[in-house]
Amino acid sequence: MDSLLNGSVSDSIPIRDRGLAYGDGVFETMAARNGEPLLFTAHMERLQSGCRRLGIAAPDTKQCRDEIERLCSGRTGVVKLILTRGCGGRGYAPEGGLQPNRLLLFSEWRAFPESFYRDGVRIEICRLRISEQPQLAGMKHLNRIENVLAAQELDGGPAEEGLMLDHNDYIIECTRSNIFFIKEGRLHTPDLGRCGVNGVMRNHILECARRDGIQTLVRDIHLDEAEQMEEAFVCNSLIGIWPVARLGNKISFQIDMIPAIREWTREHTLGQGI
């Protein structure tokens, strides 16, 4: 059993589902260790926030947790929870009274190379620019075609991640992760008020920094500033933290504070590293 639809075993969805037709829905991707979903409360809070903003009825948290534990059956891997507005007729405007569809998918965990955690990764600047839409900013909605196209740019190349900018060359995020920079002991991470995904691990790191008295600046960061930074790392709820060794062909970073910061994430992710 690797997939559920509204709590029942299924490997398909109705062809009139609005998530398929219009990307009308939200999703969460979370790690599960021995059947236990990690950072579950934070994932559900973001999903519920997305539902409110889209006007979709949010699922019951306990029901979702019970279904995830049943789906995982004690296994370690990746759980994807997708919530769509449901099935409707033709046209963008949704009909009233639609019943949301709740999909759960389980995938076995595939460990990343230890070198990603020890030596860092290389990221390249994507040609694609993220479009600005403050009404959707931060949300993990199903319209992820920009990330798909940006990730395709990396196919066959040396980089493990792609850096995504807006049309004014401000840094927003990476294709599948958020990004932080370090300079003079302070963390810097892009403001996501115009576009981008407000990651669960990003928020966890921000909370830990505040707890431990490390100053963090959430602000607009132009690409030109990157070469002035001392360290950089990317993060998400599956990988934890990868240091960035190189940005493109010209910028290299140190790896000094990052091992200590990684300790904040170690128990909350499968990407433990070394």
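The values are calculated or read from the model by the stated rules, or taken from the named source; none is laboratory data. Since this is a predicted model, take the numbers as computed values, not measurements. We place every Cβ from the backbone using ideal geometry, glycine too, and count neighbours over all the protein chains shown. Accessible surface is based on the protein model in full, side chains and every heavy atom, while ligands, DNA and RNA are left aside. Shrake-Rupley method; radii C 1.70, N 1.55, O 1.52, S 1.80 Å.
Share of carbon and sulfur in the accessible area of the chain stands at 48%, probe radius 1.4 Å. Each peptide among 42-53, 235-246 gets the average number of other Cβ atoms lying within 10 Å of its residues, and from highest to lowest they stand as 235-246, 42-53.
Spacing of the modelled spin labels on Q48 and D224, each 7 Å from Cα toward Cβ, amounts to 4.4 nm. Each part reduced to its alpha carbon centroid, segment 52-90 and segment 196-222 end up 27 Å apart. Ordered from largest to smallest accessible area (heavy atoms of protein chains, 1.4 Å probe), the residues M139, M257 come out as M257, M139. Accessible area per residue for the chain, computed on protein heavy atoms with a 1.4 Å probe, is 47 Å².
The Cβ shell under 14 Å around V78 holds other residues with a net charge of +1, Lys and Arg each +1, Asp and Glu each -1.
Kyte-Doolittle mean at least 0.0 and Cα extent at least 18 Å along the axis: which DSSP H helices of the chain qualify?
none
Rg/Rh, computed from the Cα trace of segment 193-274 with Rh as the Kirkwood radius, has the value 0.95.
Mean-square fluctuations from a GNM of the chain, with a 10 angstrom spring cutoff on Cα atoms, peak among G96, G193, G25 at G96.
Go ahead and estimate [θ] at 222 nm for the chain from helices alone: -39,500 (n - 2.57) per DSSP H run with n ≥ 4, summed, over the residue count, rounded to 500.
Values: 7 runs with 62 residues, N = 274.
Calculated mean residue ellipticity at 222 nm is -6500 deg cm²/dmol.
Using a Gaussian network for the chain with springs between C-alpha atoms less than 10 Å apart, which of these wobbles most: R219, R211, R65? Of the options given, R211 has the highest mean-square fluctuation. Taking other residues whose beta carbon is less than 15 angstrom from the beta carbon of P14, and scoring Lys, Arg as +1 and Asp, Glu as -1, yields +1. Rg and Dmax of the chain, both derived from C-alpha coordinates alone, stand at 18.9, 56 Å.
A Gaussian network model of the chain, with springs between Cα atoms under 10 Å, assigns the largest mean-square fluctuation among F112, F40, F181 to F112. Summing Lys and Arg as +1 and Asp and Glu as -1 over all other residues whose Cβ lies under 12 Å from the Cβ of T265 gives a net charge of 0.
For the chain, DSSP calls about 75 percent of its internal beta bridges antiparallel.
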